[in-house]
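K.L.:
Submitted below is the structure of interest, expressed as structure tokens.
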């Protein structure tokens, strides 16, 4: 095991339920192993500005049930530049911090990789509700987000039934349709529109009409935000089908709230594994959850294109005939 004395942890990009569980695990496992642990506040922007504070056991007390991140988060344009990356590395080196755990998504990982190239030992922990990181079966926050969508849509279905309407529900997922796919399958959506698969609105309208003709008086369509403009989609569906519809955009409520038990456990195990990786001298790696095991994988795996679960998409369509 490498002789490491000081480590740090930061959260970057969009917040995700379960991040606090990961932070707590990094801090407490680090202290358990006699490391000094520092928290970087406001992500890479805070790192560049030197917003770094030493953490103790009390710093992370009673946080696992809270959504968001106690370290705060921010997007940093400066971190995308070589000068910004050097400033970030200097802030760590000047304080004698030898390793950094980065909790975040794809953009956060790219910043982490640049720091690794500058000599900082870096470990990535996947924290994003979009579940869009290659190399891990799931990311911290994804399970909570889809449960939030399912709960919201179950309420909307009551209104859809009462008013005999079609509801289009937009969920997050700019380039990745996992939230739409998993939540849509869970609630039995009539159609799921995602950026990975082209869709035909005339065909979807025909499905709505067939359902109406056999006595179905309401429908739910889940639309990933990256699939297209939901207002245009709603307008075209009304034009093609002649049926009234309503649009609901769930927005940032998908990021909030207490983490599910699954996300709390995932955050804790990944945070703990990150400390182990640092103590073993590993760098430029990510913590991955593969086949129910938490493992290390090269960080650059995350920069590839994520394969899409076409089998689940096809199943959802087959069940919504």
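Throughout, read-outs are computed from the coordinates displayed, never taken from laboratory work. Keep in mind it's a predicted model, so treat the numbers as computed, not measured. Positions of Cβ are backbone-derived with ideal geometry, glycine not excepted, and every protein chain shown enters the neighbour counts.
K.L.:
Return the distance in nm (one decimal) between the two label points of a simple spin-label model at residue 53 and residue 294, each offset 7 Å from Cα along Cα→Cβ.
P.N.:
2.5 nm
K.L.:
Same structure again: Pick from 298, 198, 17 the residue whose mean-square fluctuation is largest in a GNM of the chain, springs joining Cα atoms under 10 Å.
P.N.:
Taking springs between Cα atoms under 10 Å, the residue moving most is 198.
K.L.:
Compute the FRET efficiency between residue 117 and residue 74 as 1/(1 + (r/R0)^6), taking r as their Cβ-Cβ distance and R0 = 25 Å, and round to the nearest 0.05.
P.N.:
0.65
K.L.:
In the Gaussian network model of the chain, springs joining C-alpha atoms below 10 Å, which of 273, 121, 86 carries the largest mean-square fluctuation?
P.N.:
It is 86.
K.L.:
Where a ≥ b ≥ c are the square roots of the eigenvalues of the C-alpha gyration tensor, would you call region 1-116 rounded, which needs a/c under 1.5, or, failing that, prolate if a/b is larger than b/c, or oblate? Each step should come with its number before you reach the end.
P.N.:
Numbers: a/c = 1.89, a/b = 1.18, b/c = 1.61.
Judged from the Cα gyration tensor, region 1-116 comes out oblate (a/c at least 1.5, b/c at or above a/b).
K.L.:
Rounding to the nearest 10 and keeping the result within 0 to 90°, find how far the Cα-based axis of helix 82-94 lies from the longest principal axis of the chain.
P.N.:
Value to nearest ten degrees: 50.
K.L.:
Another question, if that's okay. Helix-only estimate, please: 222 nm mean residue ellipticity of the chain, summing -39500 (n - 2.57) across DSSP H runs of length 4 or more and dividing by its residues, to the nearest 500. Write down the numbers at each step before the final one.
P.N.:
On the way: 10 runs with 132 residues, N = 321.
Computed mean residue ellipticity for the chain: -13000 deg cm²/dmol.
K.L.:
Return one number: the angle in degrees, 0 to 90 and rounded to the nearest 10, between the long axis of the Cα atoms of helix 106-117 and the longest principal axis of the Cα atoms of the chain.
P.N.:
20 degrees
K.L.:
Considering Cα pairs under 8 angstrom that are at least six residues apart, work out the relative contact order of the chain and quote it in whole percent.
P.N.:
24 percent
K.L.:
By how many nm would the segment from residue 83 to residue 209 grow when fully extended, if each residue of separation counts as 0.36 nm and the alpha-carbon distance is taken off?
P.N.:
Using 0.36 nm per residue and subtracting the Cα-Cα distance, I get 39.6 nm.
K.L.:
Also: Considering Cα pairs under 8 angstrom that are at least six residues apart, work out the relative contact order of region 8-89 and quote it in whole percent.
P.N.:
Reported as a whole number, the value is 39 percent.
K.L.:
Gain in length, residue 319 to residue 276, computed as 0.36 nm per residue apart minus the alpha-carbon separation, to one decimal in nm?
P.N.:
So the extension gain works out to 11.1 nm.
K.L.:
At 0.692 mPa s and 37 °C, plugging the Kirkwood radius over alpha-carbon pairs of region 143-255 into Stokes-Einstein gives what diffusion coefficient in µm²/s?
P.N.:
Details: Rh = 13.8 Å.
So the translational diffusion coefficient is about 238 µm²/s.
K.L.:
In the chain, what % of DSSP beta bridges are antiparallel (nearest 5)?
P.N.:
Approximately 25 percent, going by the DSSP bridge assignments.
K.L.:
Going 7 Å from the Cα of residue 261 along its beta-carbon direction, which residues of region 105-135 have the amide nitrogen within less than 20 Å of the resulting point?
P.N.:
Flagged as within label range: none.
K.L.:
Ranking 172, 270 by Cβ neighbours within 10 Å, fewest first, what do you get?
P.N.:
172, 270
K.L.:
How do the peptides 147-155, 110-118 rank, highest first, by the average count of neighbouring beta carbon atoms within 10 Å per residue?
P.N.:
The densest-packed peptide leads the list: 110-118, 147-155.
K.L.:
Looking at [x] 56, 52, 41; [y] 71, 37, 33; [z] 53, 41, 38, which value of Cα extents along the principal axes in Å comes from a calculation on the structure shown?
P.N.:
Looking at Cα extents along the principal axes in Å for this model, the match is [y].
K.L.:
Using only Cα atoms and rounding to the nearest 10 degrees, what angle (0 to 90) does helix 142-163 make with the longest principal axis of the chain?
P.N.:
20 degrees
K.L.:
Further question: What ranking of 92, 315 emerges when the number of other C-beta atoms within 10 Å of each C-beta is taken as an exposure proxy, fewest first?
P.N.:
315, 92
K.L.:
Using a Gaussian network model on the chain with a 10 Å cutoff between Cα atoms, which of 205, 12, 305 fluctuates the most?
P.N.:
Residue with maximal mean-square fluctuation among 205, 12, 305: 305.
K.L.:
Starting from the Cα of residue 90, step 7 Å along the direction of its Cβ; do the same at residue 249; then give the gap between the two resulting points in nm.
P.N.:
The modelled label-to-label distance comes out at 4.1 nm.
K.L.:
While we're here: How long is the gain from residue 66 to residue 312 if the chain were fully straight, where each residue apart is worth 0.36 nm and the alpha carbon distance is subtracted? Intermediate results must be reported in sequence, preceding the final value.
P.N.:
On the way: separation 246, 0.36 × 246 = 88.56 nm, distance 3.13 nm.
Fully extending the segment from residue 66 to residue 312 adds 85.4 nm.
K.L.:
A further question follows. For a quick check: sort 185, 57 by the number of other beta carbons within 10 angstrom, fewest at the front.
P.N.:
Working: 185 18, 57 12.
In increasing order of surrounding Cβ atoms, one gets 57, 185.
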